[in-house]
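What follows is a single structure, written as structure tokens, with notes after it.
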Amino acid sequence: MTDQTTSTTTTFTPPGPGQWALDRSHFPGGTTPIYQELMTATLADGMRRVFAEVGVPALEIRAAFVDGFMYTRLIPLIGGDKPPGKLPPAPVLKLVTRIHPEFRKRAKAATAALEQRTHLDMVDEWTTTIRPRTVAANSEFQAVDVDSIDDAALAAHIGELLDHLTECTELHFYLHGYDLGPIARYLHHAIGWGLEPTDATAALAGASPSTSRPTIRLCRLRGLIEAAGREVTTLDDIRSISPEAASVLDEHIAEHGYVVATGYDITSFTLIEMPGALIGSIRSAEPPPTTDVDLATRLRDAVPAGSRDEFDQLLADARAVMDMRDDNGPQTVEWPTGLLRRALLAAGRRLAGRDELHEADHALELTQAEARRALIGSLPGADELAQRSADRVASARLDPPSTLGPDEPEPPLDVMPKPLADLVAVVKTSLTHLGMDGETTADPYQGVGVGQAPYTGRVCSAESADEAIEKLEPGDVLVVRATSPAFNAVLGIAGAVVTSSGGALSHAAVLARELGIPAVVGVRGALDIADGSTVTVDPVAGRVDVS
């Protein structure tokens, strides 16, 4: 494969046996060494633990990076490290899934998890224990003045943050087994009952206060500014309006200022680094939409009479886990990532001041081991780190294949015990509606719509969310590859949102639904739409029309 931008030839080699799927929704390319190490370790660990607890008949989801791009593979419960071969006859598979000890354990775990509704226990633990503990740890790290402590203390701080981020990221993936499962189970059954996926997911609106809460606070700030009749161009201008305005703004920054808001990697900007975007989001803040309380009733009426009690429980379970699902990422990953970015840049400024780096942000090119000894040990030379930065940026412009490795045969669901077959079907539904199964429509401008009314506006398109936020003007149609959960801090500026990846359960869809912003997600040709052009985003038709 030849990359026209860099004029180099790159061979994307499968990182192991089996088929690997490209994931650009989280890491679009050019991933830093620290995050490559982090994802490779924590995704597998977190998934392995929760798969065993809830009974998924697979070992883990494994991540690997090829030329800076993230690929994932669902590892089979048996023989996952061997090249895939032809499946045994169905009678043999049926026997194996019933007598093999590992399959028997998984079937038992799946039955127990469903009967006991263990996801509700996890929501309670998240609310009462895990989240408060995580917020307290993040706040303690945030309170450190990274510019005033000495070199040894800053190096120790970076090491402790790396440990914290590793632990939290593994927790992040583990929790997803408990939050995505009930949501996908509800959606899977809703589709089976003939409900439209977009209608079914719309019934989840309002169940995620962690998503709408920042916007409510921004609306309060907008009201204070307008009541004062003052023009504000800086954050200090807002603080000077009144003690109340200063308090609300500082509260918002304390909770969201150091969360990476434009992506997941340490190269992503935090909100505190984008004061203009924050001020713009305050000026454009609108209250979240009123929840359609009758929608669930209308959906319930469309379900066969004998299944309506099951519908009620599935919807209640999905709504119960929704807030944990949306709050998980910002607390466990994006906040500690932003704090690590702050600490590495502080170290980078010191190293650049001593001519040990050409640029302060070249500290973001360090490996985890190198970052731990930054300022107190030997590091790669300034030229080497500059070259790493250039190579990483160049690799992000490559055009990676959507899959690597041969197709893997999937055992038919009817050979599995029912609890396992049901769970596999739910997992497939989850992957489809997260937009991670690689399926696309023939029409490059067709996708999954969120909202009730079309919106016409000017396109603000960018390959990266960083660039999009820098360019975005109030009322623009934001066109990006994907959004992160922390993006809600500035998403309110947009008149509509279009993403090239994702589905009805993707972060972009959730944010658009909770904030009342028209969106079409999973539009394959989104990034081909010319910046500055005019488009109509029609969520009802699930289509983007270019004028």
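Using only Cα atoms, what Kirkwood radius does region 492-547 have, in angstroms?
Values: mean 1/r = 0.0878 Å⁻¹.
Radius from the Kirkwood sum: 11.4 Å.
What separates the Cα centres of region 402-436 and region 164-216 is a distance of 19 Å.
For the peptides 390-399, 184-193, what is the packing order when you average, over each peptide's residues, the other Cβ atoms within 10 Å and list the highest mean first?
Numbers: 390-399: 16.6, 184-193: 20.5.
The most tightly packed comes first, giving 184-193, 390-399.
Rounded to the nearest 20, the Cβ-based charge dipole of the chain about its Cα centre (Lys and Arg +1, Asp and Glu -1) stands at 1440 debye.
Here Ser281, Ser247, Ser461 are placed in order of increasing Cβ neighbour count within 10 Å, fewest first, which gives Ser247, Ser461, Ser281.
When Rg is the radius of gyration of the Cα atoms in region 127-269 and Rh is its Kirkwood radius, what does Rg/Rh come to? The partial results should precede the final answer.
Values: Rg = 20.3 Å, Rh = 19.1 Å.
Answer for region 127-269: 1.07.
Please compute the net charge surrounding Ile130, taking Lys and Arg as +1 and Asp and Glu as -1 over other residues with Cβ under 11 Å from its Cβ. With Lys, Arg at +1 and Asp, Glu at -1, the neighbours total -1.
In region 448-546, inverting the average of 1/r over every pair of distinct C-alpha atoms gives 12.5 Å as the Kirkwood radius.
Compute the length gained on full extension between Asp531 and Thr234: take 0.36 nm times their separation in residues and subtract their Cα-Cα distance, giving the result in nm to one decimal.
Numbers: separation 297, 0.36 × 297 = 106.92 nm, distance 2.80 nm.
Additional length available on full extension: 104.1 nm.
The count of lysine pairs in the chain whose Cα atoms are under 16 Å apart, excluding pairs fewer than 8 places apart on the same chain, comes to 6.
Rounded to the nearest 500, the helix-only mean residue ellipticity at 222 nm of the chain stands at -15500 deg cm²/dmol, with each DSSP H run of n ≥ 4 adding -39,500 (n - 2.57). Applying the criteria of a DSSP loop state and at most 12 other Cβ atoms within 10 Å to the chymotrypsin sites (Phe, Trp or Tyr not before Pro) of region 30-117 yields no site. In region 448-546, if the dipole is taken from +1 on Lys/Arg beta carbons and -1 on Asp/Glu beta carbons about the Cα centre, which of Pro518, Val479, Val459 is farthest to the positive end? Looking along the dipole axis, the top candidate is Pro518.
Only Cα sites of region 310-370 enter the Debye sum here, all with the same form factor; the resulting log10 I(q)/I(0) across q = 0.22, 0.24, 0.25 1/Å is -0.85, -0.92, -0.95, listed in q order.
Scanning the chain for helices, which whole DSSP H stretches are 15 Å or more long along the axis (Cα) and average 0.5 or more by Kyte-Doolittle? Present the calculation step by step, with values, prior to reporting the outcome.
Numbers: long enough: 33-54 (32 Å, 0.22); 101-116 (22 Å, -0.88); 131-142 (16 Å, -1.00); 151-192 (59 Å, 0.16); 209-228 (28 Å, -0.08); 243-256 (19 Å, -0.35); 308-329 (32 Å, -0.98); 335-353 (27 Å, 0.20); 382-395 (20 Å, -0.67); 418-434 (24 Å, 0.77).
Span-like helices here: 418-434.
Using the crude model of +1 on Lys and Arg Cβ and -1 on Asp and Glu Cβ, and no other charge, please compute the dipole size for region 1-156 relative to its Cα centre, in debye to 20. Could you put the intermediate results ahead of the total?
Numbers: 16 positive and 18 negative charges, 298 e Å.
Charge dipole of region 1-156: 1440 debye, to the nearest 20.
Positive end of the dipole of region 178-275 (Cβ unit charges, origin at the Cα centre): among Leu204, Leu180, Gly192, the Cα lying farthest that way belongs to Gly192.
Looking at the square roots a ≥ b ≥ c of the eigenvalues of the Cα gyration tensor of region 59-171, which shape do they give, rounded for a/c under 1.5, prolate if a/b is larger than b/c, or oblate?
Values: a/c = 4.49, a/b = 1.80, b/c = 2.49.
In terms of gyration-tensor shape, oblate.
Cα-based values for region 346-391, radius of gyration first and Dmax second, are 9.2, 26 Å.
When both bridge partners sit in the chain, DSSP labels roughly 75% of those beta bridges antiparallel. Candidates Leu154, Pro89, Ser430 compared by Cα position along the dipole of the chain: farthest toward the positive end lies Pro89, with charges placed on Cβ.
What whole-number value in cubic angstrom gives the convex hull volume per residue for the C-alpha atoms of the chain? Mind showing how you got there, number by number?
Details: hull volume 89.4 nm³, N = 547.
Measuring per residue, one finds 163 Å³ for the Cα hull of the chain.
Read-outs throughout are calculated quantities, based only on the coordinates presented, and are distinct from any laboratory measurement. Since the structure is predicted, the reported quantities are computational estimates derived from the model, not experimental observations. When we count neighbours, we look across all protein chains shown, and the Cβ atoms used for this are built from the backbone with ideal geometry, even at glycine.
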